[in-house]
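In what follows, a structure is listed as structure tokens, so that the remarks can point back to it.
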Amino acid sequence: MCCDICEKNPSFKQDGTYVIFPNVTNLSCRSEFKFFLDKITAVSKPGKKNLLVWGRYTWFSCPEGVLPLANTLHVILTKKLRSPPELADYICEDFDEAIRLASQPPLSDLIETIWVIGGTEVYREAMEHPWCDLIYLTDIMADFDCDVFFPDFDRNIYRKQSRFPGVPHEIQEENGIKFQFQVFKKMC
Ligand SMILES: NC(=O)c1ccc[n+]([C@@H]2O[C@H](COP(=O)([O-])OP(=O)(O)OC[C@H]3O[C@@H](n4cnc5c(N)ncnc54)[C@H](OP(=O)(O)O)[C@@H]3O)[C@@H](O)[C@H]2O)c1
């Protein structure tokens, strides 16, 4: 299971919170957004699928034209919706129900990776789950007004990898915004 987020420069950290800035990277750093889409849609064998776990607000804030995505099934966490919205596949009332969905037939043989797309509470629960082993985090080296925050996580449990297969480690720049892909791996 992997969590994927964008993060502001930790030097702008306030009160132990990190900032998710909604969709800024979709607009300004298209290569960052492409990297995200490439990761969550990658499967090792034809026919396999990744399960994407979304909070309801994150699902409905997905930019137009992004969905549908190849090789993916989508589960929306919600206590309010009674059926999956258009282009989603499942709804679940809580995170554990989504994990049970992926781990039991008929999906258990089909799902390769569970990707957690956010928002805040979904990330928090995911990072505490025993199956979460990787956090993909993009350090965006710029400052934005934000109203949704990424939960802090224990960097002794999830350790930053200096290199990670398939992840460029150099600082990149697009439209004047510098960013760097990072991967944090859970230590056993
Ligand atoms: N840039 C990034 O990396 C990034 C990543 C993710 C999100 N975002 C942004 O963050 C914003 C949304 O994040 P958010 O934290 O405000 O909301 P969110 O988690 O996407 O959605 C909140 C809603 O999802 C449901 N939910 C969340 N956690 C749940 C749980 N554990 N169990 C059951 N239901 C759960 C509830 O829906 P009901 O009310 O229906 O029960 C809740 O009201 C959007 O603007 C999005 O674009 C940015």
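Specify the residue that is nearest to the chain's Cα centre (by Cα); the eligible residues are those in segment 75-109 that are β-branched (Val, Ile, Thr) and more than 10 Å from the ligand (Cβ to nearest atom). Within segment 75-109, the match that is nearest to the chain's Cα centre (by Cα) is VAL75. Across segment 28-49, not a single residue is classified as within 15 Å of the chain's Cα centre (by Cα), modelled with pLDDT under 90 and β-branched (Val, Ile, Thr).
Per-residue answers, yes or no, for (1) surrounded by fewer than 22 Cβ atoms within 10 Å (Cβ to Cβ); (2) within 13 Å of the ligand (Cβ to nearest atom):
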| site | (1), (2) |
| --- | --- |
| ILE111 | yes, no |
| ILE114 | no, no |
| GLY118 | no, yes |
| GLU121 | yes, yes |
| ARG124 | yes, yes |
| MET127 | yes, yes |
| PHE144 | yes, yes |
| PHE149 | yes, yes |
| ASP152 | yes, no |
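Flag: PHE95 does not match the condition of being surrounded by 15 or more Cβ atoms within 10 Å (Cβ to Cβ), over 18 Å from LEU67 (Cβ atoms), touching a residue at least 40 places away in the same chain (Cβ under 8 Å) and in contact with a Gly (Cβ under 9 Å, 6 or more places away or on another chain). Scanning segment 129-142 for residues that are within 17 Å of the chain's Cα centre (by Cα) and either within 13 Å of the ligand (Cβ to nearest atom) or over 20 Å from ALA98 (Cα atoms) (or both) yields HIS129, ILE135, TYR136, LEU137, THR138, ASP139, ILE140.
The values are calculated or read from the model by the stated rules, or taken from the named source; none is laboratory data. None of the values given here were measured: they were computed from a predicted structure. Every residue, glycine among them, receives a Cβ derived from its backbone with ideal geometry; neighbour counts consider all protein chains shown.
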